[in-house]
Amino acid sequence: MDISFDLLINAIAAGLLLGGFYAAVTAGVSISFGMLDIVNIAHPGFVILGSYLAYFLNINFGIDPILVSILMLPIFYALGALIYQVYYLSFEKRGQESLRGLAFFFGLLFVTEVSLILVFGVDYRYVEAAYIGPSIHLGLVDLPLRMLVPCIAALALFGAIELFISHTFTGRAIMAVSQDQLALQLMAADPIRIKRIAFGLSIAIAAVAGALLIIIQPIEPSVGREYIGRIFAICVLGGLGSMPGTLIAAVLLGIVESLTATFYGPSWAPAVSFGFLLLTLAFRPAGLLGR
Amino acid sequence: MSPLLHVDSISKRFGGFVALDGIELEVQPGERLGLIGPNGSGKSTLVNCICGTLHNESGSVRFDGQAIDGLAAHERTHRGLARSFQLPRPFHSMSLADNLRIPLLYTVHARLGPLRSAGDLDSRCHELLDMVGLAKKAKQLPRDLTQVEMRKLELARAVAAEPKLLIADESMAGLSHSEIEDILALLVRLNERGITVILIEHIMSAVMSFSQRLAVLVSGKKIADGKPEDVVRNPEVVRAYLGQ
Amino acid sequence: MTIVNTAKFSLIAIAVAAAVMAFAHWYNVDYLFFASYTILQFIVLATAWNILGGYCGYVNFGSAAFFAMGAYSSVFMHKFYPLPIPMLILIGAAVSGIAGFGMGYLTLRLRGSFFAIATLALAVVLQTLVVNWEYVGGSRGAYIIRPETIEFAGIQINYIEYLFGLMLGLAIIALVTARAIERSQLGFGFATIRDDELAAEACGVPTLRLKLIATTLSGAFMGMAGAPFPYYIGYLQPQSAFGLEYAVNSIAMPMIGGTTSWVGPLVGAILLGSAQQYATVTISSAVNLLIVGLMLVAFVIIAPNGLIGLVQEHLRKRRRS
């Protein structure tokens, strides 16, 4: 096959950068689905919501998207906590999270997307920042800053989350709540409160990821749907709740997607992540680093 | 006589935690076996592996002369293995009578052919509910039952499957003294009809009066297996479980 | 007993359908045929979804995929070897039924939540495949010229009336089937899967087999609903065939109507379908979808057993006092 080496190595580089970003997007679901066992398929909706908020503040006030994301953290944390409270009272408490919980989140995703269509329309939206446009050239490889900067920010975020989970009391309580609620209660920690914190965190992370997303690519409301496949593919492939696994899976997916888009065309890209997901679920549901 | 149930060195891990470590157990046809041990010792995990709800990583289970390792739980029930769940799992949307109709339709029918008309099914459900004292509540939903009544329903549902081996997992928790006597008498009656029974319990008086043989599980290992009067004098058993 | 019961119900249903058909034929307003077709289509979709979702408790987010497969198998046949629509309906049922079986086989051993995610994945994968498949039009779409009239039982009727009649027939079949399942041993088994799958297995219920039956049936009916769609709409694009509105509506209608009985999807489809027809014309289609989404969230939180559930609660309270 006549593959241009130049094209190949750039596709892989792009895939790596994309993968780093995907890891941050998925980190929230690693917490909500991997650790709390909540199938929040509305997660991409919050990502896109974060993107639009970043867009809005950037266009109207000129604020840098990465700065916006930090400002957004408390708002989205509160939103996440609120949603978890509703979810808990309506479903988890009654033991009906399977059917109704899923329908609930699906409804949320849908409402978010349609609301965004009504408010912003279906045109693509961009942000403007100094680092969108230029690239770094390392020999054969072009690293567009609009991908490099979010990737670095994403990895920083990812690292912060990993540290939080493994080194703080709350973080370890979140890990514990996924395994043994009784033990947690004996430690005088309220499992419901821990889960609320964790879910709030996952939504806050989603918003930050959203702000990074709009740096990488222009957005429109249905972009969230493509991310459902990516997020869950990475989450499952990485082994639910395992942060290192999530990172590896994210980078892997990023590279495969990038290669597919480069050599077979972008219209096949959605099939990659969802195909990954189906194959993983069918043949290795415990993930790469399977438990 | 070959054993009805032969558990051959089965092990089960959950991540790093070893729930069962090379368990060997035999149950003869018609026997009354008691299984005791502290909470978390692996009793329910053992039952789950025997019945197919969980899969053991190593070792094998033979029932009625055949290896049943690859079989799904429902297939094992069809072969005559029935169990009650330690935490009752009734079908919430159905009446008590309907709860019992399920094993009748899906196990007894499946094994013995559709030999019962609707009327026969109804009377059999009633008979089973009467056996555990729940006949009056036949049309009620499980959510209207007390914990104790739910355990009785669990037991009745397991018996409904007309098993060769019945595993009763803590069916007596919370029962009064006379209720315990009733359930014990019921289990003895079933045993006299030919059903082999494994009784898992913490109520020592019940276990001692019922069991012909007693096995003790501690931290995933079987530490004793023999006549009840010998087992309860075993110093290791006293230290690990009875002394508490 | 159940068979006689089902036969009686079928006769009543057919009689009702015949009456509706006769009235529609006499009234003869094209717009009503178009609007009613959509509602009947939703009755089939909602009922189909409910067999797996309401009866068994397994949520399918990919209804659009099975619907679209029915539609695209018609497009394929139209180009390959044109057949009358009733035959296309059977083909659509077969294609989507097999797909339902296949997907079930791959994913039903997993937890319900994994299954739900897998159905989403399937929808997107299929959409991508179709978008890249030139023979059926790819992303540009496919045109199907709909004839003006068709001869049926010796008389010439408008084509849209013919489609309406077909969909009415499908709706009746779907409802009769759902009701028959509900009252049968199969439906009983489905309910145990929904209530407590582990206990069901312990009682001897072959849960995997039953779930496969449910996914296959559900998929087949959705495919049947999709098969006449290209003829109805004239121009089929992947975006419309795989549209999110099918996924949302096939979930919202049973959940709002009530998932435990065949009546729920019927009520949900008629109410929500009519409301949407009205809203699309008077407000906008985006707002109408927003309302559906909000109602879904509201009902799922407040009235988990849907409208039918509310009625049953009310009757039960009345009986007690």
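For chain A, the relative contact order is 38 percent, taking Cα pairs closer than 8 Å that sit 6 or more residues apart in sequence and dividing their mean separation by the residue count. Rounded to the nearest 20 debye, the dipole size of the range A:26-221 about its Cα centre is 460 debye, using +1 on the Cβ of Lys and Arg and -1 on the Cβ of Asp and Glu. Annotation: the residues B:11, C:218, sorted from fewest to most other C-beta atoms within 10 Å of their own C-beta, follow the order B:11, C:218.
Annotation note: GluC sites (Glu not before Pro) in the range B:171-244 located in DSSP loop regions with a Cβ neighbour count of at most 11 within 10 Å are absent. Taking one quarter of the surface of the convex hull spanned by the alpha-carbon atoms of chain A gives a direction-averaged projected area of 15.9 nm². With 32 Å as the limit, the listed pairs B:136/C:8; B:43/C:211; A:195/B:43; B:12/B:139; B:152/C:8; A:195/B:221 have B:136/C:8; B:12/B:139; B:152/C:8; A:195/B:221 beyond it between alpha carbons.
Computed from the C-beta positions of residue B:69 and residue B:189 and an R0 of 25 Å, the FRET efficiency is 0.20 to the nearest 0.05.
How high is the relative contact order of chain B, in percent, counting Cα pairs under 8 Å that sit 6 or more residues apart?
Values: 442 pairs, mean separation 65.0, N = 244.
Relative contact order comes out at 27 percent.
Relative contact order of the range A:139-275, taken over Cα pairs closer than 8 Å and 6 or more residues apart, is 17 percent. Taken residue by residue and averaged, Cβ atoms of other chains lying within 10 Å of the Cβ of A:220-226 number 1.
If R0 is 30 Å, the Cβ-Cβ spacing of residue A:284 and residue A:82 corresponds to a FRET efficiency of close to 0.25.
Quick one: angle between helix A:102-120 and the longest Cα principal axis of chain A, in degrees between 0 and 90, rounded to 10, please. With both axes taken from Cα atoms, the answer is about 50 degrees.
Within the range B:4-39, name every residue whose backbone N is under 19 Å away from a label modeled 7 Å from Cα of residue B:238 along the Cβ vector. Only B:36-38 pass the distance filter. Per residue of peptide C:182-193, the mean number of Cβ atoms on other chains within 10 Å of the residue Cβ is 3.
Applying both filters, DSSP loop and at most 13 other Cβ atoms within 10 Å, to the GluC sites (Glu not before Pro) of the range B:25-134 gives B:57.
Site pair residue B:60 and residue C:31 shows an inter-label distance of 7.4 nm when each label is modelled 7 Å from Cα along Cα→Cβ. Not counting the cut sites, what is the longest span of chain B without trypsin sites (Lys or Arg not before Pro) that DSSP labels loop and that have at most 12 other Cβ atoms within 10 Å? Between exposed loop sites, the widest span is B:1-138. Checking every one of the GluC sites (Glu not before Pro) in the range C:133-238 against DSSP loop status and a limit of 10 other Cβ atoms within 10 Å picks out C:148.
For the listed peptides A:214-224, A:60-70, a ranking on the average number of other beta carbons within 10 Å per residue, highest first, reads A:214-224, A:60-70.
Count Lys and Arg as plus one, Asp and Glu as minus one, and take only other residues whose Cβ is under 15 Å from that of residue C:65; the net charge is then 0.
Across all directions, the average projected area of the convex hull around the alpha carbons of chain B is 13.4 nm².
Shielding of peptide A:112-121 by partners, expressed as the average count of other chain Cβ atoms within 10 Å per residue Cβ, is 4.
If R0 is 35 Å, what FRET efficiency do you get for residue B:139 and residue C:15 from their C-beta distance, rounded to 0.05? Computed FRET efficiency for residue B:139 and residue C:15: 0.55.
Every read-out reported here was derived from the displayed coordinates using simple, explicitly stated rules and does not represent laboratory data. Keep in mind the model is a prediction, meaning the values are calculated, not measured. All Cβ positions, glycine included, derive from the backbone under ideal geometry; neighbour counts span all protein chains shown.
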